[in-house]
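For reference, the structure is listed below as structure tokens.
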Amino acid sequence: ILLGILVTYLLFFRSNSLNYAQIISEVTYEFIGRLEKLIEDLIIMPVGLKLNFPLNSTLGSFFLYHIYLLRTYLHLTRPMYIIMIKFFSYMGFFGFSFILAIICDIFSLATIHVFCFYGYASYIYSFNTKSLTSLWRLIRGKKWNQLKCRVDSYSYQTDQLLIGCICFTISFLLLPTILVYYAVFVVLRLLTLSIPYVLKFAVAYISLFPAYSICLRIFGSIQ
């Protein structure tokens, strides 16, 4: 608690909240700008990637539109930054671990767009891989038995096999494009998860640190 009060006094009561609001706004917009530049680079197919152009353009436009919505949302909520900083400045009286927990939550909220992009890419990738698995069973004359939870042989008609082969080919050719977007957002998601994990580790370490016992030993209360 004493450490939290000291940090609060040094960071908030001896400086202007407007400076922190400006820093948070600049960092957030810089991160969004870099993410937008990354998606634009994916659309123009960098490093010789041979992606499916219609699907690549569609996915790129989809994610760019969500970045536009996010930038509009941040622009509308920007006047609230100072109020939020002033409110959180008093949280230090609950202890330094409480400050770290608040910072962890704020960072998670600030990077929620990365989580949304990862969720979209993960859903598309999962749908594509499940479709390929089902269609591969169809080509081999197999079928998943839902009741017995196993793969059984099944006799398909010629038109069913033809449509299945066409759908399998389309899904397989679209897989590299989907995989690129999925891999990019998985890496971004892992990077954004690393900072909260470090903060949670610090909170746990501070909570388990035997400060009270050390103080008692220093002042001779423990024989």
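The values are calculated or read from the model by the stated rules, or taken from the named source; none is laboratory data. Here the structure is a predicted model, which means the values were calculated and not measured. A quick note on method: Cβ atoms are made from the backbone with ideal geometry, for glycine too, and the neighbour counts reach across all protein chains shown. Surface accessibility is based on the protein's heavy atoms, side chains included, excluding ligands, DNA and RNA. Shrake-Rupley method; radii C 1.70, N 1.55, O 1.52, S 1.80 Å.
A few comments on the model shown:
- Dipole moment magnitude, nearest 20 debye, segment 1-112 about Cα centre, only Lys, Arg, Asp, Glu C-beta charged: 140 debye
- Bins of 5 Å, starting at 0 and running to the largest distance - Cα pair percent for the chain: 1, 6, 10, 12, 11, 10, 9, 9, 8, 7, 5, 4, 3, 2, 1, 1, 0, 0
- Cα-derived Rg over Rh, computed across segment 1-131 with Rh taken as Kirkwood radius: 1.12
- The angle between the Cα long axis of helix 96-110 and the longest principal axis of the Cα atoms of the chain comes to about 30 degrees, rounded to the nearest 10.
- Listed residues Tyr68, Tyr205, Tyr182, most fluctuating in the chain (Gaussian network, C-alpha, under 10 Å): Tyr205
- For segment 165-170, 3J(HN,Hα) per residue [Karplus equation, 6.51 cos²θ - 1.76 cosθ + 1.60, θ = phi - 60°, Hz, x = Gly/Pro]: 5, 5, 5, 5, 5, 5
- Paired Rg and Dmax values of segment 90-143, which use every Cα atom, in angstrom: 21.6, 67
- Percent of Cα pairs in segment 46-101 per distance bin of 5 Å, from zero to the largest separation: 4, 14, 12, 12, 10, 11, 10, 8, 9, 7, 3, 0.
- Nitroxide proxy distance, nm - points 7 Å out along Cα→Cβ at Ser61 and Lys148: 4.8 nm
- Dipole orientation for segment 106-223: of the candidates Ala110, Leu216, Trp144, Trp144 has the Cα lying most toward the positive pole (charges on Cβ; Lys, Arg +1; Asp, Glu -1).
- Whole-number D in µm²/s for segment 133-206 (Stokes-Einstein; Kirkwood sum over Cα pairs; 10 °C, 1.306 mPa s): 99 µm²/s
- Apportionment of accessible area to carbon and sulfur, the chain, percent (1.4 Å): 71 percent
- Met84, Met91, reordered so the largest accessible area comes first (probe 1.4 Å): Met84, Met91
- Dimensions (Å) - segment 171-218, Cα atoms, principal axes, largest first: 69, 12, 8
- In the context of the full set of protein chains, segment 96-157 has a per residue accessible area of 65 Å² (1.4 Å probe).
- Positive dipole terminus of segment 1-142, leading residue within Leu2, Leu100, Ile83 (C-beta point charges): Leu100
- Note on the chain: with a GNM built from Cα contacts shorter than 10 Å, the maximum mean-square fluctuation among Ser108, Ser25, Ser213 falls on Ser213.
- Projected label distance in nm at Phe94 and Tyr212, using a 7 Å step from Cα toward the beta-carbon: 1.9 nm
- Cα-derived Rg to Rh of segment 84-214, Kirkwood definition: 1.29
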